[in-house]
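Here is the structure we will look at, set down as structure tokens.
Bear in mind that the values in this text are calculations on the coordinates, not laboratory data. All values derive from a computational prediction rather than experimental measurement. Glycine gets a Cβ as well: all are built from the backbone with ideal geometry, and neighbour counts include every protein chain shown.
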Amino acid sequence: MKKLLISTILFSGLITAGFAQDTTVGKRPTGRGQYGQRSVQEIKSPEERAKMSTDALEKKLNLSKEQKEEVYALNLERAEKIEKLRKSEMEIRKSQMEKRKEIMSESQKKMNKILTQEQQKIMEDMKQKAKERMKQRSEHRPGMRKG
């Protein structure tokens, strides 16, 4: 009887200790930031990225001095092209957002001419509710911007 009691206590202690070590806390998606994205400080200049890439290849491939210089030049060229592309994409996104805002504003003005004051108020309430729903959804999704 004592052995059964001791075994039960030990077994329940092991189970309790196992559940006490919650492994889900602190786990993050792959990546560097809280939700897997890079932080602004981690975006390096093309020169820094080319140097890091070249240094890594030098260690792995045992490059000569001449090879290292050529590889650095190639990596720098690639990094500069990618940086230029990234900046142009950001500009395009920004201009598209501005155009969308203009279109939405024009549409809203035209809609207000069609609707009565009461209908306009109902429409505004519908927009507010939709905005709140979107905000609630984004709070439950990792990686979504908060704001």
Can you tell me which of 50-56, 90-96 comes out highest on packing, and rank the rest after it, using the mean Cβ neighbours within 10 Å?
50-56, 90-96
Reduced Cα scattering model of the stretch 41-115, Debye log10 I(q)/I(0), q = 0.12, 0.27 Å⁻¹:
-0.53, -1.11
Quick calc: nm separation of the 7 Å Cα→Cβ label points for GLU118 and SER12 -> 6.7
